[in-house]
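The values are calculated or read from the model by the stated rules, or taken from the named source; none is laboratory data. The model shown is predicted, which means the values in this text are computed figures rather than measured ones. Please note: Cβ atoms are built from the backbone with ideal geometry, for glycine as well, and neighbour counts cover all protein chains shown. The protein model used for the area step is the full one, side chains on, heavy atoms only, and it has no ligands, DNA or RNA in it. Shrake-Rupley method; radii C 1.70, N 1.55, O 1.52, S 1.80 Å.
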Amino acid sequence: YLCFLNRENQVDDKKIFIDGSGSNRFEVTARALPLISLDQLSHDLYQIAVVDFQQSREDEAIIKLRNIINANPKYYDAYESLGVIYGRQERFQEAVDVMHELESINSKSVMAQTNLSMFYMKLGEIDKAEAHKSNATVNQFSAFGDIAQEKRIKEEKEKQKASEIKRREEMFKQVLKIDP
């Protein structure tokens, strides 16, 4: 339901009880517009575009993917899928252009570099293809390093948390010795 609320009730996720006709009473949750986030809308439309692509409705998928990119220029998956579709349609220069857009969003994208390598190969530009293949390899190793770093940080935080718990437990035991 859409309704106008008093200022004090215009708080996201606030629970409000409404008295209906008779003895009907129901609970609603206040939400400000828009009711769905741009990322969620992009994801939902992307899923529909994927289905279009799987069912050989590539032109419809392209329209949806372009709409996603226009509305949400940082939505990574739309670029990658659009480039792949252009590649399958042998529209290699358009595929290259889309992959360069993706590369500008995420310079560490392994898939952007891999696809650029493949599309440049199809265009006969071997030097560019090899350069992007090399970039893909470097990005892949970089990604492995990032994953390892995240793992180290997580393990360190867990150690610190365990140490803090142990320290508090020791303090609690000391208090119990003083005043059981």
Original post:
Once phi is turned into θ = phi - 60°, what whole-Hz ³J(HN,Hα) does the Karplus curve with 6.51, -1.76 and 1.60 give for every residue of the stretch 30-40, x standing for Gly and Pro?
Top reply: 6, 9, 7, 6, x, 6, 10, 6, 4, 5, 5
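If you put +1 on each Lys and Arg Cβ and -1 on each Asp and Glu Cβ, how big is the dipole of the stretch 16-102 around its Cα centre, in Debye rounded to 20? Write out the running numbers ahead of the final one.
Numbers: 8 positive and 14 negative charges, 49 e Å.
The dipole magnitude comes to about 240 debye.
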Original post:
What's the center-to-center distance, using Cα atoms, between the stretch 96-174 and the stretch 1-71 in Å?
Top reply: 32 Å
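Only helical DSSP H runs with n ≥ 4 go in: add -39500 (n - 2.57) per run for the chain, normalise by residue count and round the 222 nm mean residue ellipticity to 500 deg cm²/dmol.
-24000 deg cm²/dmol
Would you mind getting the accessible area per residue of the stretch 1-93, heavy atoms of the protein chains only, 1.4 Å probe, in Å²? Numbers along the way, then the final one.
Working: 6800 Å² over 93 residues.
Dividing the accessible area of the stretch 1-93 by its residue count gives 73 Å².
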**OP:** Run the dipole for the stretch 101-180 about the Cα centre, Lys and Arg Cβ at +1, Asp and Glu Cβ at -1, nothing else charged, and hand back the magnitude in debye, nearest 20.
**Re:** 500 debye
Subject >> Sequence-distant lysines (8 or more away, or on other chains) whose Cα lies within less than 26 Å of Lys128 >> reply: Lys74, Lys108
Subject >> Choice from Leu102, Leu123, Leu35 with maximal GNM fluctuation in the chain (Cα, 10 Å cutoff) >> reply: Leu35
Subject >> Cβ-based charge dipole, the chain, positive-most Cα from Ile18, Pro180, Ala143 >> reply: Pro180
**OP:** Please name whichever of Leu45, Ser56, Val84 sits farthest to the positive end of the charge dipole of the chain, dipole taken about the Cα centre and charges placed at Cβ: Lys and Arg +1, Asp and Glu -1.
**Re:** Leu45
**OP:** Tell me the GluC sites (Glu not before Pro) within the stretch 18-99 that lie in a loop according to DSSP and have at most 14 other beta-carbon atoms within 10 Å.
**Re:** Glu90
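For the stretch 36-127, what relative contact order do you get, as a whole percent, if you take Cα pairs closer than 8 Å and at least 6 residues apart? Don't skip to the end; give the middle numbers.
Numbers: 91 pairs, mean separation 18.2, N = 92.
20 percent.
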Original post:
Which value, in debye to the nearest 20, gives the size of the charge dipole of the chain about its Cα centre, when Lys and Arg are +1 and Asp and Glu are -1 at the Cβ?
Top reply: 860 debye
